[in-house]
Amino acid sequence: MAGYGYEDALETLSFIKKFIQYPPKTAIVAGSGLADIADLVEDSVTLYAKDIPNWPGSTAPGHAGRIILGRIHGRPVIFFQGRVHYYEGYTMKAVTFPTRIIGMLGVREYIATNASGSINTSYAAGEIVALKDHINLMGSNPLIGINVNEWNERFPDMTHAYDPDMLSIFSEIGLKQGVYAAMSGPSFETPAEIRMLGILGADLVGMSTVPEVIAANAMGMKVAGLSCVANMAAGIHPDHRLTAQEVLEVGSQAAVKLAEIITTLIDRLNQKQNQE
Ligand code: HPA
């Protein structure tokens, strides 16, 4: 069984490298119900999680394990459909193993998408909100353990966990920005927990993304987080019960909007690169 360490990553990396035509500059990770963004990828090669050595396979609904290599508007990308979650019983090292591979491939920008519950009542279901910061309440951190110096320093800075340049692009196109609180799940939160998270300064709540964002920052990647509000968080509409079904449905309705945002971001990154 893979321990999701550095040696495992080298083996996985050499397998994936065989399929790479265009060394990826940008990674996109699709969250619940958001996998249709895969259709954006041109000249694509698809790999399946089950065929990749050491790859953690997802057990969550709406998370088919696929990696798509190719380009979006000419920019070489690696697209992941099917992240694994802490609540599935994976260790933090397993959850962030794909992030490590992305970093080792030399990717510069890591774009994480997810579905979340909204604590902030000025957001509506189906809206896409850019993450400006996070609060890690999962009770663990992917960097715990003996430090892998090839991957990151012991105490990485997280002051700009979400890249200010990409955030200003999101502002220009009219996206709201919010703070994402990460809970372990898999039960949804109670209304009291949601009130607590609001007092702590969170606008959104979810069960993913933060471990990857920590690992990606630690490896020096620039990170963007885009969250699709799937539902108002528990207790905001007291008679509304939360279901995974609703999360997937709202996510797939919002996927077109998300795809537009991602292509706009990619165009801006291409322009910026041409100016360099
Ligand atoms: N809570 C936690 N995670 C979520 C939610 C929620 O309300 N909606 C989608 N993911």
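Here, each number is a calculation from the coordinates, and none is a lab measurement. Bear in mind the structure is a predicted one, so any value in this text is a computation, not a measurement. Counting neighbours? That spans all protein chains shown, and the Cβs are built from the backbone with ideal geometry, glycine included.
The figures follow:
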{"quantity": "Taking the chain and dividing mean pair separation by its residue count, relative contact order in percent (alpha carbons under 8 Å, at least six apart)", "calculated": "25 percent"}
{"quantity": "Aspartates and glutamates with Cα under 17 Å of Lys272, excluding same-chain neighbours fewer than 8 positions away", "calculated": "Glu109, Asp163, Asp165, Glu172"}
{"quantity": "Cα-based convex hull volume of region 6-275 per residue, rounded to whole Å³", "calculated": "118 Å³"}
{"quantity": "Hypothetical label at Thr121: residues of region 214-230 whose amide nitrogen lies under 14 Å (7 Å Cα-Cβ projection)", "calculated": "none"}
{"quantity": "Fewest-first ranking of Thr121, Thr12, using other Cβ atoms within 10 Å as the exposure measure", "calculated": "Thr121, Thr12"}
{"quantity": "Within the chain: Cβ-based charge dipole about Cα centre, in debye rounded to nearest 20 (Lys, Arg +1; Asp, Glu -1)", "calculated": "280 debye"}
{"quantity": "Net charge of neighbours whose Cβ lies under 14 Å from the Cβ of Pro23, counting Lys and Arg as +1 and Asp and Glu as -1", "calculated": "+4"}
{"quantity": "Computed over region 141-234: relative contact order in percent, which uses C-alpha pairs under 8 Å that are six or more apart", "calculated": "41 percent"}
{"quantity": "Residues Phe19, Phe80, Phe188, sorted so that the one with the fewest Cβ neighbours within 10 Å comes first", "calculated": "Phe19, Phe188, Phe80"}
{"quantity": "Where a label projected 7 Å from the Cα of Asp36 along Cα→Cβ would reach, residues of region 125-141 with amide N under 19 Å", "calculated": "125-129"}
{"quantity": "Charge dipole (the chain, unit charges on Cβ, about Cα centre) - positive-most of Met232, Tyr86, Phe155", "calculated": "Phe155"}
{"quantity": "Electrostatic dipole magnitude of region 162-240 [Cβ: Lys, Arg +1; Asp, Glu -1; Cα centre; debye, to 20]", "calculated": "40 debye"}
{"quantity": "Kirkwood Rh, Cα atoms: Rg over Rh of region 230-276", "calculated": "1.30"}
{"quantity": "Exposure proxy order (Cβ contacts within 10 Å, fewest to most) of Glu246, Glu189", "calculated": "Glu246, Glu189"}
{"quantity": "Principal axis dimensions, region 166-252 - Cα atoms, whole angstrom, descending", "calculated": "42, 27, 27"}
